[in-house]
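The values are calculated or read from the model by the stated rules, or taken from the named source; none is laboratory data. All values reported here derive from a predicted model rather than from experimental measurement. Please note: Cβ atoms are built from the backbone with ideal geometry, for glycine as well, and neighbour counts cover all protein chains shown. Accessible surface is based on the protein model in full, side chains and every heavy atom, while ligands, DNA and RNA are left aside. Shrake-Rupley method; radii C 1.70, N 1.55, O 1.52, S 1.80 Å.
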Amino acid sequence: MSPLVRWARAEWGLLYATVREPLLERRLRAIPMTAGVVCLTAVVQLVQNQPWGYRPVQALGAVRAADPLWLALLRTPLSLFVPALDLPVWGALVQILLVFGIAEICLGRRRTLAIAYVATLAGTWYARVGSALGPHHPLGLPVTDAQVVDTGPSAAVVGLAVYLGRRYGAHVTASGVAAAMLAEVLVKDNLAGKEHLAALAGVALLCAAETLRERQRRPVALDGVG
């Protein structure tokens, strides 16, 4: 066995073993939520590119830092399915199918959606805080970024990918995703890249909280055995 194959098994073996059987047995029936997310994202993309569809999609699912907080929160559920207008939608759909699909099988629907919205809301909150801090603060944003639409599904995809990597031992993959997001900010300093980093920070805090909770439970389990 070559070193590359051994590394691949060590990196992705647990994920592969978890996902393989449900997909072989049930195929798309194993990931109904993911299939729905992909279809809804494709429909939203199609609608928002129509002359009659752009404004309704913006009114229902476009979140900006300049929006009142209550309006941003109302739009957040649909914002997860609003892809960027200036990027090819097929790339986003493939990413959603792959990452959401693996997460749905490994984590379940509720946890997958919860982590996706944690990542999305982390990016949204950073945009609001960064806009309030202003361009002269190290963590601040230009005033014009307050009018830029949030990242849509990409922050959720990034957050889920890193969470899965941490939970299933694919640490190199998780680190690679994080490094790619950092490189994105260094190469193209825009709001989307910074929101991706905020999404990673939100998921990292979630992972830290889960690790702390697991450590607190261990002594109780040991006492029960004794």
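Would you work out if the chain is rounded, prolate or oblate? Take a ≥ b ≥ c from the square roots of the eigenvalues of the alpha-carbon gyration tensor; rounded if a/c is under 1.5, else prolate when a/b is larger than b/c, oblate otherwise. Don't jump to the answer; show the numbers that get you there.
Working: a/c = 1.76, a/b = 1.38, b/c = 1.28.
Prolate, since a/c reaches 1.5 and a/b exceeds b/c.
For the stretch 93-198, what's the relative contact order in percent, using C-alpha pairs closer than 8 Å and at least 6 residues apart? The partial results should precede the final answer.
Values: 114 pairs, mean separation 31.1, N = 106.
Once normalised by length, the contact order is 29 percent.
At 7 Å along the Cα-to-beta-carbon direction for both LEU71 and VAL187, put a label point, then send me their distance in nm to one decimal.
3.5 nm
Taking only Cα atoms and a 10 Å spring cutoff, compute GNM fluctuations for the chain and point out the largest among ARG20, ARG64, ARG128.
ARG20
Per-residue ellipticity at 222 nm for the chain, helices alone: DSSP H runs ≥ 4 residues times -39500 (n - 2.57), over residue total, nearest 500 deg cm²/dmol?
One gets -26000 deg cm²/dmol as the mean residue ellipticity at 222 nm.
Taking the solvent-accessible surface of protein heavy atoms with a 1.4 Å probe, what is the per residue accessible area of the chain in Å²?
57 Å²
Taking all protein chains as present, what is the carbon and sulfur share of the accessible area of the chain, in % to the nearest whole number, probe 1.4 Å? Before the final figure, lay out each step's value.
Values: 8800 of 12960 Å².
Carbon-and-sulfur percentage of accessible area, whole number: 68.
Using θ = phi - 60° and the Karplus form 6.51 cos²θ - 1.76 cosθ + 1.60, what ³J(HN,Hα) does each residue of the stretch 139-152 get, whole Hz, x for Gly and Pro?
For the stretch 139-152, the Karplus-derived couplings read 9, x, 10, x, 4, 5, 5, 5, 9, 8, 5, 4, 6, x Hz, x marking Gly and Pro.
Counting Lys and Arg as +1 and Asp and Glu as -1, each charge on the Cβ, what is the dipole of the chain about the Cα centre in debye, to the nearest 20?
The dipole of the chain has a size of about 600 debye.
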